[in-house]
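One structure is given below, encoded as structure tokens.
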């Protein structure tokens, strides 16, 4: 359903309807209460979003004239280092504009300017607001620090824009229906009108954000779910730059399964089809990227290895800059060197095994033989 135009407002209500239908097909007090809360918060978010977008149309209509030139998209299978690379490159904030987690709730000119005003007040008022937000980060996201460090003031992917359209698997985080509801996993596989509507809304959101972010900067986004939107992104932004990170499937797939099915808790066995469906999506992402890499010009695409990024972050970032002929400032180089020293002391506390989810190395290797061969991953 859309009002006025998809660029102004678009939600694929069919997905929401299917989630509601599966929720209320049998009685469960806990699930029903969660569903009521989710639906209430979803429409509250939609209402606030509409208000911000209306304010944009009245007071900041200049965003319509914004041109998104050579945007940069960092994509990969989930759990492959995209967040880390995104936050490394985002330190070059003279060159790039990027969303923080708070921005993605309402990716509009008016909300972004309001957030900037709050930051200005915070800097001149003893940083009371930022300290409060840091405490809220610990409450809401503290348990995710070693999985995917999150925070209202941290650089973050723009997936919430797609989630607000119900075009993201993030819609299933509160509900275990991922394996039976389809239509929002691979945008590139959806009907033409759905793809157009989704990309109209997304492009409008990026234009609004960039209008508030200021001129002469490039939009930098990381989004693992945009692996399934590869073609749609290139059709809408034909001069886009794509940075792809490849991680060994034996590591990425169980990590992805663990991350996205964490909400199921112990009520669903590790080898349940509802968990394994996430691993299957990961396999399809690997295959799709292998196909898409063949059609994008080398000047617009670079592939990196996860291990290189983790072990040599500075050199890996400089490799990207060299490939795309981007200038490296002294301040940015110093920031990279500082981060590399910090990274040497980092060690993840998480260890994910294929066996836990009854995933077979033989099956994965058979499915992803081309990927193993291209990146030299050990069988």
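Read-outs throughout are calculated quantities, based only on the coordinates presented, and are distinct from any laboratory measurement. As the structure is a computational prediction, the values presented were derived from the model and not from experiment. Positions of Cβ are backbone-derived with ideal geometry, glycine not excepted, and every protein chain shown enters the neighbour counts.
The table that follows gives values for the structure above.
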quantity	calculated
Virtual spin-label span in nm between residue 356 and residue 34, 7 Å along Cα→Cβ	1.9
Choice from 302, 36, 364 with maximal GNM fluctuation in the chain (Cα, 10 Å cutoff)	36
Peptides ranked, highest mean first, by Cβ atoms within 10 Å: ranges 322-329, 65-72, 309-316, 216-223	216-223, 309-316, 65-72, 322-329
Computed over the chain, Cα set: Rg, Dmax in Å	20.6, 61
For a label point 7 Å along the Cα-to-beta-carbon line of residue 215, residues of the stretch 66-98 with backbone N under 18 Å	66-70, 94-97
Inter-label distance for residue 130 and residue 318, nm, one decimal - labels placed 7 Å from Cα along Cα-to-Cβ	2.9
Normalised contact order of the chain, rounded percent, pairs of Cα under 8 Å and 6 or more residues apart	24
Residue 308/residue 8 FRET efficiency (R0 51 Å; Cβ-Cβ; nearest 0.05)	0.75
Helical mean residue ellipticity (222 nm; -39500 (n - 2.57) per DSSP H run of 4+; nearest 500) of the chain	-16500 deg cm²/dmol
Distance (nanometres) between label positions extended 7 Å along Cα→Cβ at residue 45 and residue 378	4.1
Antiparallel DSSP beta bridges within the chain, percent to nearest 5	10
